[in-house]
Amino acid sequence: MLNLADKITLSRILAVPVIFWVLLDPTPNRCLAAMILFILATLTDTVDGLVARRMNLVSNFGKFLDPLADKILIGSVLIMLTSLGWIPDWVVIIIIAREFLVTGLRGMAVEQGMV
């Protein structure tokens, strides 16, 4: 069963299709709505961490899900913005490549016993 912190993290992933749906018709009002949804989704990253630590809900699943949710949210929205022609492809490639690099380095650090 998911704890509260994990549910908050999961909401970040569930925000992605909603943001996509809002951006399918990129009028100014819908763009503003998408931006607000994106900001709220990114704020859940702080909230889930606070809840997990304060309520002692830190879990291995949460440690796995949190960075995954970040990557899904950021990567998906960047790809959507590229498909709309609002940012260049090369910018998204650099940002996503950096995310893979950081994830790989974290994995190597864990194997070496580093936190």
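The values are calculated or read from the model by the stated rules, or taken from the named source; none is laboratory data. In this text, all values refer to a predicted model and were calculated from it rather than measured experimentally. All Cβ positions, glycine included, derive from the backbone under ideal geometry; neighbour counts span all protein chains shown. We work out accessible area using only protein heavy atoms, side chains counted, and drop any ligands, DNA or RNA first. Shrake-Rupley method; radii C 1.70, N 1.55, O 1.52, S 1.80 Å.
For helix 89-111, report the angle its Cα long axis makes with the longest principal axis of the Cα atoms of the chain; keep it between 0 and 90° and round to the nearest 10°. Approximately 10 degrees, to the nearest ten.
Here the accessible area of the chain is 72 percent carbon and sulfur, with a 1.4 angstrom probe and all protein chains present.
Per the helix-only calculation at 222 nm, which mean residue ellipticity applies to the chain, given -39500 (n - 2.57) for every DSSP H run of n ≥ 4 and division by its residues, nearest 500 deg cm²/dmol?
-29000 deg cm²/dmol
Label sites at residue 101 and residue 42, each approximated as a point 7 angstrom past Cα along Cα to Cβ, lie 2.1 nm apart.
Taking only Cα atoms, what is the 0 to 90° angle, nearest 10, from helix 60-83's long axis to the longest principal axis of the chain? Tilt relative to the chain: about 20 degrees.
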